[in-house]
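Worksheet: the structure to be examined is printed underneath.
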Amino acid sequence: MLECSSLASSSIARRRRLPRARAAFATTWIAGSLALFSALFSPYRDATAAPICRPGTPSVALLGEEARWSWSPCSGGIDSLKLLKPQFNMPDARPPGGALPGWVKTKWAAGPLELVGTWDAKWDPFVDKVLLRDAGSIEVAVAAPNAATATTRSFPDLEEMKAELPQWFVVASDSSSVELVWPDPNIVRSPIYLNKRVQLDPNHPSMVTVEVTLWWLGRRSLQFSLEHVISGYRDPTTESGGMLAMLAGPPDIPGAGWHVDGETHHLDATELVDAEPEQRALASLPLWIGTDSRYFLLALLPGDGFGKSSSARLTLLGNGVIQASLRGSGEAFGSADGGCVPGWYAKRWGGASCDQDFKTLGLDRSLGAPIDRALLDQALLKRPEAERADLAPVVERVRRRQVHRVTMRLFAGAKEIESLRAAGSGLDESIDFGWFGVIARPLLFVLKMAQDLTGSWPIAILILTMLVKALLWPVMGRSMKSMRKMAALKPELEKIKADLTVEAKKRGETAADPSEVNKRTFALYQSHGVNPLGGCLPVFLQMPIYIALYRTISSSVELFNQPLFGWIHDLTQHDPYYVLPVVLGVLMVLQQRITPTTTTDEAQRKMMMYVMPVMFGFLMMSLPSGLTLYILTNTVLSIVQTWLLQRKEAV
């Protein structure tokens with residue numbers, strides 16, 4: 001219509017016989033008439049268009065001890081999950097990056113940390129899908145609520161049906177549970193419905209229990225699979241790699257993974273790009289599957305109804321959405337003719353209610369739970385013989401119902417090791433401590449114990465430093481003695497090198513043979529009982545501890561957003577003003593000055609004294625401040641130990 005308006009305006013403007021004022025008036029009048037016509041008839045034109053569900057449709061909030069789950073009627077999944085512990089109360093906004101619509105920007109405002117990084121209902125975490133495996137369209141009747149007439153619609157698959165009829169109906173809800181069903185039975189009479197019940201887990205503050213029931217009310221058979229999808233997000237414009245990225249510290253890259261047969265398989269977003277198909281697929285049922293970042297996890301733990309032939313898949317979409325999908329075994333329904341129907345369906349479209357039939361038979365269980373024939377026969381035999389004839393149709397309706405039910409537990413929260421262990425199923429393996437996990441886990445245990453005793457993470461790090469130093473004190477003492485012995489032999493080492501140089505020049509060579517220098521040097525060390533590797537041993541022993549502590553601090557959410565002191569508000573982040581790295585560099589220069597040197601090369605000695613501390617301090621600028629505090633404290637203790645040993649030997 002806008003094109004017609006434009007053509008009409010151009011036509012009038014070209015009529016030179018009309019005065020300019022009359023042409024302008026005619027143009028305005030025709031354009032306004034066309035706009036009014038468009039406005040009047042646009043509701044009829046858009047009557048069949050997919051309704052806009054978000055924004056505008058309120059979610060149902062379940063308020064747990066540590067999290068607020070918001071279940072969306074636009075997807076059946078969660079559109080928001082806020083962490084309520086004071087540790088995760090963020091002082092500033094943390095949007096996921098990329099172009100965000102205006103209505104969603106407040107989702108990541110300052111306050112409780114938001115775990116859901118997506119905003120389109122298509123990518124909500126913990127959504128459920130029905131995949132039809134046989135040909136044939138799905139016919140439904142669509143009517144306004146309480147309307148007497150309905151329009152028949154046909155869809156080739158359920159995804160197209162969901163695109164046009166996205167709304168889930170909230171059957172019941174309170175602060176701890178919600179029941180939803182799709183499609184909305186108030187407006188859609190369908191042969192297939194997906195019913196979802198969510199309940200806060202009373203035994204775990206970061207989990208909910210979920211029951212998903214697929215109802216088939218059609219007269220023909222149906223083959224299908226249920227798929228459950230957990231979605232995460234990484235801004236696709238984010239760049240990683242290169243020297244600048246290395247200097248910026250370890251990146252927090254979202255990813256996805258699963259745990260099966262005692263092993264955790266994980267791929268971050270950068271790895272998913274180039275992963276082979278077999279690396280992204282699993283042909284068995286995992287103990288858990290989910291998406292995560294360094295500190296937080298969204299995971300599904302399958303329960304009843306999942307067959308051994310279930311499968312899993314990890315996917316990275318072009319828009320930055322990361323998906324972990326769990327597909328159940330292929331199932332089949334027969335005809336549901338003569339079976340009972342759910343109560344929410346019977347209320348709108350009629351039929352015998354399964355709710356009432358279960359109550360009549362005294363079946364205290366979920367409507368979707370499998371019930372064998374023996375149980376129904378037993379329920380019938382418990383009734384007086386006079387009632388059995390009347391109850392026989394009820395039993396038959398329950399037998400004929402076509403339902404498939406699966407249960408699961410969902411975890412959404414921080415990767416706190418005790419919380420993950422309490423969830424079970426190997427969920428604590430989602431924390432990536434790297435190769436030195438065997439050391440990192442005890443270090444984290446000591447840190448947590450020290451923090452429980454002192455109430456302070458900085459003091460806990462100091463205690464850990466002193467414990468590690470005490471453990472290595474004897475080794476360091478022997479190392480210092482060895483280095484002082486080697487330093488005492490320095491004049492003799494220089495004499496050996498000078499004598500060999502003179503001998504080489506007599507033979508017409510420019511320098512001494514290095515192999516002969518090394519041979520005589522080791523012989524000298526052996527004659528004086530000096531171990532040349534004694535000075536390096538403490539360094540080799542401490543390096544795994546440094547690396548393990550680095551992984552402990554950088555991977556443990558227990559330290560996330562925990563203040564160190566003063567200007568450092570997060571132990572897992574680098575010092576924003578680089579005070580600790582600079583102080584560390586100065587202390588390392590002092591340490592090198594008082595440590596006995598064994599080298600006879602002056603250039604090498606200066607490099608060890610000045611260049612190495614500067615490089616180490618530069619490296620610390622990008623590493624977690626908690627780790628920098630550990631190394632700084634360890635350096636101070638090493639200086640004290642060196643001074644005490646030198647004083648002892650002097651006495």
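The values are calculated or read from the model by the stated rules, or taken from the named source; none is laboratory data. All values derive from a computational prediction rather than experimental measurement. No Cβ is skipped: glycine too gets one built from the backbone with ideal geometry, and neighbour counts run over all protein chains shown. What goes into the accessible areas is simple: the full protein's heavy atoms, side chains included, and nothing from ligands, DNA or RNA. Shrake-Rupley method; radii C 1.70, N 1.55, O 1.52, S 1.80 Å.
Would you point out which residue out of His259, His265 is open to solvent by 50 Å² or more (accessible area, probe 1.4 Å) and either part of a strand (DSSP E or B) or closer than 30 Å to Ala369 by Cβ (or both)?
Details: His259 fails: open to solvent by 50 Å² or more (accessible area, probe 1.4 Å).
Just one listed residue meets the conditions, His265.
Being over 18 Å from the mean Cα position of the chain (by Cα) and farther than 23 Å from Lys129 by Cα narrows it down to one of Glu276, Glu271, so name that one. Steps first, answer last, please.
Numbers: Glu271 fails: over 18 Å from the mean Cα position of the chain (by Cα).
Every option except Glu276 fails the conditions.
Hey, among the residues in region 359-395 that are open to solvent by 80 Å² or more (accessible area, probe 1.4 Å) and of a type outside the set (D, E, K, R), which one's farthest from Ile192 (Cα to Cα)? If you could, list the steps in order and put the result at the bottom.
Step one: filter region 359-395 for residues open to solvent by 80 Å² or more (accessible area, probe 1.4 Å), giving 359, 364-365, 370, 372-373, 378, 381-382, 385-386, 390.
From what's left, of a type outside the set (D, E, K, R): 370, 378, 381, 386.
Values: Pro370: 18, Gln378: 30, Leu381: 33, Ala386: 37 Å.
Residue satisfying both the conditions and the ranking: Ala386.
Check whether at least one residue in region 561-571 is crowded, with 16+ Cβ neighbours inside 10 Å and part of a helix (DSSP H, G or I), and report yes or no.
Scanning region 561-571 turns up no residue that is crowded, with 16+ Cβ neighbours inside 10 Å and part of a helix (DSSP H, G or I).
Just to be sure, is Leu376 assigned to a helix (DSSP H, G or I) and of a type in the set (A, V, I, L, M)? Show your work before the answer.
Values: assigned to a helix (DSSP H, G or I): yes; of a type in the set (A, V, I, L, M): yes.
The answer is yes for Leu376.
Determine whether Lys122 is modelled with pLDDT of 90 or more and among the basic types (Lys, Arg).
Numbers: modelled with pLDDT of 90 or more: yes; among the basic types (Lys, Arg): yes.
So Lys122 fits the description; yes.
Gly338: loosely packed, with under 14 Cβ neighbours inside 10 Å and part of a loop (DSSP other than H, G, I, E, B), yes or no?
On the way: loosely packed, with under 14 Cβ neighbours inside 10 Å: yes; part of a loop (DSSP other than H, G, I, E, B): yes.
The answer is yes for Gly338.
Which condition number does Leu180 fail, the rest of (1) open to solvent by less than 60 Å² (accessible area, probe 1.4 Å); (2) modelled with pLDDT under 95; (3) among the aliphatic types (A, V, I, L, M) being met?
All conditions are met except number (2).
Determine, yes or no, whether Glu160 is in a helix (DSSP H, G or I) and either in contact with a helix residue (DSSP H, G or I) (Cβ under 6 Å, 6 or more places away or on another chain) or of a type outside the set (Phe, Trp, Tyr) (or both).
Numbers: in a helix (DSSP H, G or I): yes; either in contact with a helix residue (DSSP H, G or I) (Cβ under 6 Å, 6 or more places away or on another chain) or of a type outside the set (Phe, Trp, Tyr) (or both): yes.
Judged against the criteria, Glu160 is a match.
Would you confirm, using the coordinates I've provided, whether Arg234 is open to solvent by 20 Å² or more (accessible area, probe 1.4 Å), modelled with pLDDT of 95 or more and not hydroxyl-bearing (Ser, Thr, Tyr)?
Values: open to solvent by 20 Å² or more (accessible area, probe 1.4 Å): yes; modelled with pLDDT of 95 or more: no; not hydroxyl-bearing (Ser, Thr, Tyr): yes.
For Arg234, the condition - open to solvent by 20 Å² or more (accessible area, probe 1.4 Å), modelled with pLDDT of 95 or more and not hydroxyl-bearing (Ser, Thr, Tyr) - is not met.
Can you run down the residue pairs with Cβ atoms below 9 Å, 6 or more apart or on separate chains, where the first is in region 243-265 and under 22 Å from Leu115 (Cα atoms) and the partner is aliphatic (A, V, I, L, M) and modelled with pLDDT under 90?
If the second residue must be aliphatic (A, V, I, L, M) and modelled with pLDDT under 90, the pairs left are Pro250/Leu623; Pro251/Ala245.
Would you check if there is a residue in region 324-331 being closer than 25 Å to Asp184 by Cβ, modelled with pLDDT under 95 and outside any loop (DSSP other than H, G, I, E, B)?
Yes - at least one qualifying residue is present in region 324-331.
For region 484-513, which residues satisfy the criterion of being under 60 Å from the mean Cα position of the chain (by Cα), open to solvent by 40 Å² or more (accessible area, probe 1.4 Å) and under 30 Å from Trp643 (Cα atoms)?
Result: Arg484, Lys485, Ala488, Lys490, Glu494.
So, restricting to strands (runs of 3 or more DSSP E) that lie completely within region 70-139, which ones have at least 2 residues that are over 20 Å from the mean Cα position of the chain (by Cα), of a type outside the set (Gly, Ala, Ser) and buried (at least 17 other Cβ atoms within 10 Å of the Cβ)? Working first, answer last.
On the way: elements: 78-83, 111-114, 127-132.
Counting at least 2 such residues, we get 127-132.
Yes or no: region 408-431 includes at least one residue that is surrounded by fewer than 15 Cβ atoms within 10 Å (Cβ to Cβ) and at pLDDT below 90.
Quick first cut of region 408-431, residues surrounded by fewer than 15 Cβ atoms within 10 Å (Cβ to Cβ) only: 418, 421, 424.
Now narrow it down to the ones that are at pLDDT below 90: none.
Checked region 408-431: no residue is surrounded by fewer than 15 Cβ atoms within 10 Å (Cβ to Cβ) and at pLDDT below 90.
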